[in-house]
Amino acid sequence: MQQTLVWKPRHTPGVETLVLSQDANGIHATSHLMQVIRGNSIVANYLIDCDERWRFRRLWLKVDNQGQRSLSLQRDLRGNWLLNGELRPELQNCQHVMLSASPFTHTPLLQRSALETGQSDEMQIAFIDLLNFKVEPRRQRYQCLRRRPGENLYRSQAQGHAQEDLSVDDQALLLNANEQYLRLSQRELKVSTLV
């Protein structure tokens, strides 16, 4: 199964186009992202691989913001994290990765939690700020506020940051995040042929 998803920031220029595929080898997301973040224009490409149960395995990330930088982050079966091939023990308890400007990176966490209405889950993640390129552990909490066919509502709170409400579809793919990101439909993406 493969699908293409597109998100747009509501208040700044930008777009993220992501191809999500699932097969016998797991879940694979390939993304191209362009955004203005805190006055900085960035272009990023990333690839995230998860196993069939949405457990993080590998990230490759390249960002262009006044010069190109790239990194590779892996998590082995014992929970060891390697950043560009070097062991990062402070990430040992992290369950997944979160990118600062990608609405998609909520999806694997919500898929793994499988929360029902009223339930919550707190986990440690490896957070990557796309501007300063730091990789650091951070606490992330999710609470399921409402489940209904086609649209579920969660509250997300990252350590040291304001909470945000996430509206997601049945696959935990973001529809809307605190009025910051909006998923575009195929109809909205069609090019107009009217002159």
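Quick note: the coordinates plus some simple rules give every number you see, no bench work behind them. This is a predicted model, so every value here is computed, not measured. No Cβ is skipped: glycine too gets one built from the backbone with ideal geometry, and neighbour counts run over all protein chains shown.
Being part of a helix (DSSP H, G or I) and among the hydrophobic types (A, V, I, L, M, F, W, C) is the filter here, so list the residues in segment 91-127 that pass it. Leu91, Phe104, Leu109, Leu110 - these are the residues of segment 91-127 that are part of a helix (DSSP H, G or I) and among the hydrophobic types (A, V, I, L, M, F, W, C).
When Asn40 is tested against (1) more than 22 Å from Tyr142 (Cβ to Cβ); (2) surrounded by 16 or more Cβ atoms within 10 Å (Cβ to Cβ); (3) of a type in the set (S, T, N, Q); (4) touching a Leu at 6+ places or on another chain (Cβ under 7 Å), just one condition goes unmet, and that condition is (2).
Select from segment 113-139 the residues that are touching a residue at least 24 places away in the same chain (Cβ under 8 Å) and among the polar types (S, T, N, Q) and write down the one among them that is surrounded by the most Cβ atoms within 10 Å (Cβ to Cβ). That would be Ser113. Just one of the numbered conditions (1) more than 25 Å from Asn152 (Cβ to Cβ); (2) touching a residue at least 24 places away in the same chain (Cβ under 8 Å); (3) surrounded by 15 or more Cβ atoms within 10 Å (Cβ to Cβ) is not true of Leu109: (1). Of all residues in segment 54-74, those satisfying the criterion of being under 19 Å from the mean Cα position of the chain (by Cα) and free of Cβ contacts under 8 Å to residues at least 24 places away in the same chain are Arg58, Trp60, Lys62, Asp64, Ser70, Ser72, Gln74.
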